[in-house]
Amino acid sequence: MGAEDDLSTVRCRVLIADDHQLIRQAIRTLLRAIEGVAIVAEADDGFATIALAKKLKPDLLLLDVAMPKAGGLAVIGEVKRWSPATRVAVLTGITGTNTLVQLRDSGAVGLLSKVCTAQELDHGLRRIIAGEEYVSEDLRAVVEAGGAIGALTMRERQVLALAAQGSSNAEIAALLNISTKTAENHRTNLMRKLGVHSAAELVALVLREDLQGV
């Protein structure tokens, strides 16, 4: 949908993409209080977002990552393809490390939590519109934890995936063609790197942080 904003004096043209009308309305209200910002369009599904970004080439896309028809990572990829100058800030209720790190690594300049306060959301939007990067306070520690995942070796990632499925050290050793002692050492090292102290904590971390695919 089009916007009523005067585009003659704007410094940041924004496309809002969220399938919830109330969220779009809240974002719209905050943006219209920021000088020099114009809302050029709104979208409520992934396909429409890609089409509008391709047509309008906005300066900033505020993107919900869980919309119908196309998910956040797919949308970001297509937007970067058709409008490479468009900066993307993500609106999300997702707190899984793997997903958030993927979004950050895809080029998102902002990770804005849907459960943050209106004051923090306004602050984050202003920072992003000013050309900075911003991650909501409740997501920062999660994203930083992603660095620990990145520090795992390929073998430790394999052990992590198998351990999360409930495999014993002996079973992991047989599947990876390594000794049981080596499997035990890999499990010990990755638990140390991830800051967990038991198999139960390891499985809980994998499920909580959406790490099944690491």
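The values are calculated or read from the model by the stated rules, or taken from the named source; none is laboratory data. All of these numbers come straight from a predicted model, not from anything done at the bench. In this analysis, Cβ positions are derived from the backbone assuming ideal geometry, glycine residues included, and neighbour counts consider all displayed protein chains. The protein model used for the area step is the full one, side chains on, heavy atoms only, and it has no ligands, DNA or RNA in it. Shrake-Rupley method; radii C 1.70, N 1.55, O 1.52, S 1.80 Å.
Quick check: at a probe of 1.4 Å, how many percent of the accessible area of the chain sits on carbon and sulfur atoms?
On the way: 5650 of 10590 Å².
Exposed carbon and sulfur together represent 53 percent of the surface.
Please tell me the relative contact order of the chain in percent, rounded to the nearest whole number, where contacts are Cα pairs under 8 Å and at least six residues apart. Can you show the working numbers first?
Working: 326 pairs, mean separation 30.8, N = 214.
Averaging sequence separation for qualifying contacts and normalising by length gives 14 percent for the chain.
Rounded to the nearest 10 degrees, what's the angle between the helix 180-194 long axis and the longest principal axis of the chain, both from Cα atoms, 0 to 90?
The helix 180-194 is inclined about 30 degrees to the chain.
Given Cα positions, please report Rg to Rh for the range 24-144, the hydrodynamic radius being the Kirkwood one. Provide the component values of the computation, followed by the final result.
Numbers: Rg = 13.2 Å, Rh = 14.3 Å.
Taking Rh as the inverse mean 1/r over Cα pairs, Rg/Rh reads 0.92.
If packing is taken as the average number of other Cβ atoms within 10 Å across a peptide's residues, how do 28-35, 83-90, 62-69 rank, most packed first? Walk me through the numbers before you get to the answer.
Numbers: 28-35: 14.2, 83-90: 19.0, 62-69: 20.8.
Taking the mean over residues of other Cβ atoms within 10 Å, the ranking is 62-69, 83-90, 28-35.
List the residues whose amide H sits under 5 Å from the amide H of Arg87, counting only those 5 or more places along or on another chain, with H placed 1.01 Å from N in the peptide plane.
Leu60, Leu61
If you take every DSSP beta bridge whose two residues both sit in the chain, what share of them, in percent to the nearest 5, is antiparallel? Intermediate results must be reported in sequence, preceding the final value.
Values: 0 of 21 bridges.
So the antiparallel bridges amount to about 0 percent of the total.
Using amide H atoms built 1.01 Å from N in the peptide plane, name the residues 5+ places from Leu111, or on other chains, whose amide H lies under 5 Å from its own.
The answer is Val90, Tyr134, Val135, Ser136.
Counting just the Cα atoms, what span does the chain cover along each of its three principal axes? Round to the nearest Å and put the largest first.
Principal extents (largest minus smallest coordinate, Cα): 69, 31, 26 Å.
From the residues Gln25, Ala48, His186, which one has its Cα farthest along the dipole of the chain in the positive direction, the dipole being from +1 and -1 charges on Cβ of Lys/Arg and Asp/Glu about the Cα centre?
His186
Over the range 83-200, what lengths in whole Å, largest first, do the semi-axes of the equivalent ellipsoid take, defined as the square roots of 5 times the eigenvalues of the alpha-carbon gyration tensor?
Numbers: eigenvalues 284, 41, 21 Å².
For the range 83-200, the ellipsoid semi-axes come out as 38, 14, 10 Å.
Once the Cα atoms of helix 21-31 and of the chain are each reduced to a long axis, what angle between those two axes, in degrees from 0 to 90 to the nearest 10, is obtained?
70
Give me the accessible area per residue for the chain, probe 1.4 Å, as a whole number in Å².
Details: 10590 Å² over 214 residues.
Ligands and nucleic acids excluded, the figure is 49 Å² per residue.
Tilt of helix 154-164 relative to the longest C-alpha principal axis of the chain, in degrees (0 to 90, nearest 10)?
Rounded to the nearest ten degrees, it is 90.
Magnitude of the Cβ-charge dipole of the chain, K/R +1 and D/E -1, about the Cα centre, nearest 20 debye? Intermediate results must be reported in sequence, preceding the final value.
Working: 24 positive and 26 negative charges, 122 e Å.
For the chain, the charge dipole is close to 580 debye.
From the phi of every residue in the range 50-60, what ³J(HN,Hα) in whole Hz does the Karplus formula 6.51 cos²θ - 1.76 cosθ + 1.60 yield, where θ is phi - 60° and glycine or proline is x?
3J(HN,Hα) across the range 50-60, in whole Hz: 4, 4, 5, 5, 5, 6, 9, 6, x, 6, 9.
Report relative contact order for the range 1-119 in percent, whole number only (criteria: Cα-Cα under 8 Å, sequence separation at least 6). List each step's numbers first, then the result.
On the way: 210 pairs, mean separation 26.5, N = 119.
Averaging sequence separation for qualifying contacts and normalising by length gives 22 percent for the range 1-119.
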